[in-house]
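Peer 1: This structure is in structure tokens; I'll ask about it shortly.
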Amino acid sequence: MSEQCSLYINIQIKEEKLQQFFQEKPLPQSIDENWLQWWDNREMSGKKPLSNTPHFHVQHNRAVFDQLLNGRDFGSVEHYDKDEESWTFITIFFSENYLEILPMLALLKQLALLQDTANTGVSFIYDYNWGQYEVMAYLAFANQQALLKNYVTPQEIEPALLKEANEILEAAVKKFNQQFED
């Protein structure tokens with residue numbers, strides 16, 4: 001990976017549970033078989049065994065997302081749909097480094113615990129801007145868990161979902177570019 005990949009999150013969660021998540025502190029995650037299988041499937045230079053999952057060191061989870069939203073160079077947007085009870089968060093320029101994305105993956109696994117058991121969702125980090133050739137990480141949310149899938153190319157993502165993510169990111173890119181024109 002040499003270019004910034006984009007982050008796409010879209011999950012079903014009640015608004016009060018999302019607010020609860022935002023008020024909690026980021027927690028480290030235990031390394032389990034899901035983490036290890038995903039890590040072993042990743043290709044990277046200088047790869048070392050995954051022995052822990054770093055986590056953000058901030059007062060509360062909201063601070064992580066606020067930093068992305070307020071940083072001029074990230075191109076982040078969020079929306080909560082009250083009718084669908086779903087939260088969407090995207091960052092155009094998120095990360096190019098597997099070690100850098102580990103805290104966000106840990107945070108999203110923490111978020112899954114607050115979903116109702118029937119809630120679903122996805123999150124993925126992929127190279128939207130640079131040809132869509134690689135998926136760094138893909139999380140599937142179900143049954144109050146966020147499980148990493150071993151997807152390595154966007155073609156493995158369900159086409160309608162990928163189309164939706166691309167459209168949301170395209171709109172965010174237009175908004176992002178306008179801030180530099182103004």
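None of the figures in this text is laboratory data; all of them are computed from the coordinates on show. Source: prediction; values computed, not measured. Glycine also receives a Cβ, built like all others from the backbone with ideal geometry; neighbour counts cover every protein chain displayed.
Peer 1: Please enumerate, by chain and number, the aspartates and glutamates with C-alpha under 15 Å from the C-alpha of Lys25, excluding those fewer than 8 residues away in the same chain.
Peer 2: Candidates past the 8-residue exclusion: Asp66.
Peer 1: Also, I was wondering about something else. Treating the beta-carbon of each Lys and Arg as +1 and of each Asp and Glu as -1, no other charges, what is the dipole magnitude of the stretch 1-93 about its Cα centre, to the nearest 20 debye?
Peer 2: Roughly 400 debye for the stretch 1-93.
Peer 1: log10 I(q)/I(0), Debye, Cα-only the chain, no solvent, q = 0.14, 0.15 Å⁻¹?
Peer 2: -0.75, -0.88
Peer 1: Projected onto the charge dipole of the chain (+1 at Lys/Arg Cβ, -1 at Asp/Glu Cβ, origin at the Cα centre), which of Asn34, Ile157, Thr91 gives the Cα projection farthest towards the positive end?
Peer 2: Comparing the listed Cα positions along the dipole, Asn34 ranks first.
Peer 1: When the Karplus curve 6.51 cos²θ - 1.76 cosθ + 1.60 is applied with θ = phi - 60°, which whole-Hz ³J(HN,Hα) does each residue of the stretch 139-154 get, with x for Gly and Pro?
Peer 2: 10, 10, 9, 6, 6, 6, 9, 10, 9, 6, 9, 8, 5, 10, 10, x
Peer 1: Ok, one more. Which distance in nm do the two modelled labels at Leu69 and Glu158 give, with both placed 7 Å along the Cα-to-Cβ direction?
Peer 2: Result for the modelled spin labels: 2.7 nm.
Peer 1: Within straight cross-link reach of Lys149, meaning Cα distance under 16 Å, which lysines are found once same-chain residues fewer than 8 apart are removed?
Peer 2: Lys109
Peer 1: Okay, moving on. I need the GluC sites (Glu not before Pro) found in the stretch 1-37, filtered to DSSP loop residues with at most 16 other beta carbons within 10 Å of theirs.
Peer 2: Glu3, Glu24
Peer 1: What is the gain in length, in nm to one decimal, between Ala140 and Asp81 on full extension, counting 0.36 nm per residue of separation less the C-alpha to C-alpha distance?
Peer 2: 19.3 nm
Peer 1: Work out the length of the dipole vector of the chain about its Cα centre, built from +1 on the beta-carbon of each Lys and Arg and -1 on the beta-carbon of each Asp and Glu, and round it to the nearest 20 debye.
Peer 2: 480 debye
Peer 1: In the stretch 76-179, which trypsin sites (Lys or Arg not before Pro) are in a loop and have at most 11 other Cβ atoms within 10 Å, using DSSP for the loop call?
Peer 2: Those that pass, being in a loop and sparsely packed, are Lys82.
Peer 1: Contact order normalised by length for the stretch 76-182, with contacts defined as Cα pairs under 8 Å and 6 or more residues apart; what percent is it?
Peer 2: 20 percent
Peer 1: Then there's this: Need one word for the stretch 10-91: rounded, prolate or oblate. Basis is the Cα gyration tensor (sqrt eigenvalues a ≥ b ≥ c); a/c below 1.5 gives rounded, then a/b vs b/c decides.
Peer 2: prolate
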